Every structure is written in C-alpha cells, then in structure tokens.
1. Please verify whether residue A:80 is within 12 Å of chain B (Cβ to nearest Cβ), over 30 Å from residue A:216 (Cα atoms), surrounded by 15 or more Cβ atoms within 10 Å (Cβ to Cβ) and touching a residue at least 60 places away in the same chain (Cβ under 8 Å), treating the condition exactly as stated.
2. Residue by residue through segment A:8-55, note down the ones that are small (Gly, Ala, Ser) and within 14 Å of residue B:64 (Cβ to Cβ).
3. Does residue A:132 qualify as being modelled with pLDDT of 95 or more, out of contact with any helix residue (DSSP H, G or I) (no Cβ under 7 Å at 6 or more places or on another chain) and among the basic types (Lys, Arg)?
4. Kindly indicate which of A:67, A:54 is assigned to a helix (DSSP H, G or I), more than 10 Å from chain B (Cβ to nearest Cβ) and within 30 Å of residue A:181 (Cβ to Cβ).
5. Which members of segment A:192-219 meet the condition of being surrounded by 20 or more Cβ atoms within 10 Å (Cβ to Cβ), in a helix (DSSP H, G or I) and more than 10 Å from chain B (Cβ to nearest Cβ)?
6. Take residue A:39 and decide whether it is more than 8 Å from chain B (Cβ to nearest Cβ), of a type in the set (Gly, Ala, Ser) and part of a helix (DSSP H, G or I).
7. Within segment A:89-111, does at least one residue satisfy the condition of being over 16 Å from residue B:42 (Cα atoms), β-branched (Val, Ile, Thr), surrounded by fewer than 19 Cβ atoms within 10 Å (Cβ to Cβ) and more than 10 Å from every other protein chain (Cβ to nearest Cβ)?
8. Quickly run through segment A:124-166 and pick out the residues that are of a type outside the set (D, E, K, R) and not in a helix (DSSP H, G or I).
Amino acid sequence: MSPENALLTPADREMLEHTMLVRDRLEEQYHDLEQQSHAAAAGMWVFLATEVMFFGTLFVSLGIYRFLYGEACEAASEKLNWAIGGINTIVLLISSFTMALAVHYARLERRKALTTCLLLTGLFGLCFMGLKAYEYYTDYVENLIPGWRFVSQEWVDQEGLSPDQVPHVKLFLLFYWIMTAFHALHVTIGLCAVAIIAVLARQGRFTRSYYAPVDVLGLYWHFVDLVWIFLLPMLYLLGTHSADSLHL
Amino acid sequence: MSERILSVPTYASVLVALLILTVATVGVSFIPLAGHWHIAAGLGIAVVKGGLVVLFFMHALHSPKLTWAIIAVALFWLSILAALTLCDYFTRGMVPGMPGH
C-alpha cells in the first residue's frame with residue numbers, strides 16, 4: 001500500500017480498487033464489467049450451441065445405425081466396459097459439482113476455496129482420463145479396435161452373429177472410438193484451461209465483479225459432462241447386462 | 001452469469017440426484033427389456049440428468065433471456081438435423097425403384 005492510500009477510508013480504497021480493476025479489465029467496447037461478463041457468457045453459450053451440432057450429428061447417426069443394425073450394435077455394446085463407463089460418469093459428475101462450487105466461490109471472492117475447487121476439478125478430470133486410458137487398454141486386449149485389433153471370426157463363433165453382421169459391429173465400434181476420443185479431446189482442452197484459470201485464481205486475478213473467465217470455463221466443463229451423460233446410455237447400455245459381464 | 005446465488009446445499013442435492021440417476025440408468029441395463037426399451041430408458045434418464053446440469057450447474061435457471069434464446073435455438077437446430085436425417089432414412093425403400101435399405 002502506498003503512503004497516499006493509507007490516508008484513504010476503507011470505502012474510498014474499495015472504490016479506488018474497483019476503478020483500477022475497470023481500467024485493467026474492461027474492454028473499450030463494453031459499458032461496464034457486468035455487460036462484459038454477460039457478453040462473455042453469451043459467447044460461450046453460442047459456442048456450446050455449435051458443439052451441440054457437432055456431437056448431434058454423431059448421436060443421430062449412431063441412433064440410426066442402432067435402429068437399423070440392432071442386434072450387432074447390442075452385441076458390440078455388451079462387449080464395452082460398462083463398469084468403467086459408469087464409474088467415469090460418477091467421476092465426471094463430481095468434477096462438475098466441484099466446478100459449480102468454483103464458480104460459486106469466485107462469485108463470493110473466496111480465493112482459497114476457488115483455487116481448491118479448481119484443483120479438485122482438475123484432479124477428477126485427470127482421474128477420468130486415467131480410467132479412460134485403462135479402458136482403451138482393455139479394449140486393445142479384447143480386440144475391439146476395427147482395422148487394428150479385430151478378429152471377425154470371434155464375433156461369429158462367440159457372439160453368434162452372422163458374417164454379414166460383422167461390418168455392423170465394426171461400424172458401432174468406430175462410433176465408440178470417434179465419440180469417446182472427441183470427448184476425451186474436449187476433457188483434455190478443459191484440463192488445460194482449468195490449470196491456467198487455477199494459476200490466475202491463485203494470483204488473485206478474480207474478484208466479485210470480475211470472474212467471467214471462471215464462469216465461462218464452468219459452462220464449458222459442464223457441457224463436456226453433459227455430452228458424457230448421453231454417451232453412457234448410447235454406447236455402453238444398449239444391451240442387457242448380467243453380473244458376470246463385469247470385465248475389469 | 002446470474003444475479004441470484006444458489007447455495008452449496010442446492011449444488012450438493014443436485015449432485016446426489018445426478019448420482020442416483022446414474023446408478024438407476026446402469027441398473028436398468030440389468031433388467032431384461034425387449035428391443036429398444038433400453039435405449040429409450042437410458043436416453044429418458046439422460047435427458048433428466050442433462051436438464052439438471054443445464055438448469056442448476058450452468059445456472060440457466062437464473063440466466064438472462066438471451067441465454068434461453070441460445071438454448072432454444074440450439075435445440076431447434078438439433079431437431080432440424082435429426083428430423084431431416086430421419087426423414088431420409090425412414091422413407092428409403094418406400095419409393096418403388098429407388099435404392100434403399
């Protein structure tokens with residue numbers, strides 16, 4: 001604190017800090033910080049609308065193939081590791097909860113709680129990626145990678161599918177790989193953003209009237225969670241499971 | 001970005017509801033259901049879960065009208081995407097002489 005500031009009353013000091021914040025953070029095209037925050041959130045919502053279209057095409061196509069080639073899709077779905085898929089759903093939901101708390105504490109200007117919540121979110125995100133990597137490994141071991149590790153005869157001998165249905169199994173598995181890989185890419189981008197925002201939060205860059213980056217990151221993270229919520233039933237839960245289908 | 005602040009217990013109860021629904025959705029997959037009922041049940045629960053995430057975690061409930069407009073537009077575009085694609089696939093083979101499934 002400079003000697004001049006020491007003479008100020010607390011109310012004056014708060015006003016001075018706010019003026020400096022506005023000078024540092026407010027872009028010239030906005031009237032005030034609140035309008036700027038609203039614009040930032042609206043921008044993220046528009047981006048998420050385009051993301052809905054991106055994942056929407058994949059979901060609609062998968063739904064149609066599921067309808068046309070039901071038997072093959074169900075057989076392939078039962079081979080996927082639903083236990084890891086389910087646990088990952090829980091992990092991602094908890095990370096969304098901690099992210100919601102991060103935005104909550106940013107709004108209340110509680111810097112330590114904000115940083116902790118962001119770190120927890122990152123930790124759960126990493127946990128998700130770790131489990132996903134392990135799941136991909138089990139898929140590799142169980143020959144579920146069309147074009148690389150895939151034995152057509154296994155599906156005819158063990159699953160009782162006709163040779164004509166094997167291409168449909170491959171199609172479903174391709175959707176599984178493309179959709180989960182794109183989702184994992186989104187989680188990875190989210191993790192990088194969480195790390196950056198956590199560092200900034202620790203430096204005390206966010207205040208009661210300026211926390212739009214945390215808010216916008218929260219929207220993105222929740223959307224990635226939302227996509228996974230739909231991926232779980234569409235990929236893992238198409239067929240009927242039994243307790244012995246647990247293949248960890 | 002909303003003016004109203006939700007409380008931590010509210011977020012916690014939303015999380016508990018989401019976790020219960022996740023267990024339910026996996027649980028349903030153990031019930032031997034015919035044909036498309038698994039996907040119908042799974043997607044039904046997913047829509048409820050998605051609604052909870054959007055309304056509470058993403059604060060749509062207390063967001064400005066602009067946010068609601070963007071959500072509505074996103075769903076509208078998605079419905080065009082789905083409806084026109086389905087129109088194509090489910091009318092294939094109905095026209096004599098046209099290739100289809």
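The values are calculated or read from the model by the stated rules, or taken from the named source; none is laboratory data. None of the values given here were measured: they were computed from a predicted structure. So basically every Cβ, Gly included, is an ideal-geometry build from the backbone, and we count neighbours across all protein chains shown.
1. Yes.
2. Within segment A:8-55, A:37, A:39, A:40, A:41, A:42, A:43 qualify.
3. Here the answer is no, as residue A:132 does not meet what is asked.
4. Every option except A:54 fails the conditions.
5. A:194, A:197, A:198, A:201, A:214, A:217 - these are the residues of segment A:192-219 that are surrounded by 20 or more Cβ atoms within 10 Å (Cβ to Cβ), in a helix (DSSP H, G or I) and more than 10 Å from chain B (Cβ to nearest Cβ).
6. So residue A:39 passes the test.
7. The answer is no, given that none of the residues of segment A:89-111 is over 16 Å from residue B:42 (Cα atoms), β-branched (Val, Ile, Thr), surrounded by fewer than 19 Cβ atoms within 10 Å (Cβ to Cβ) and more than 10 Å from every other protein chain (Cβ to nearest Cβ).
8. The answer is A:143, A:144, A:145, A:146, A:147, A:148, A:150, A:151, A:158, A:160, A:161, A:162.
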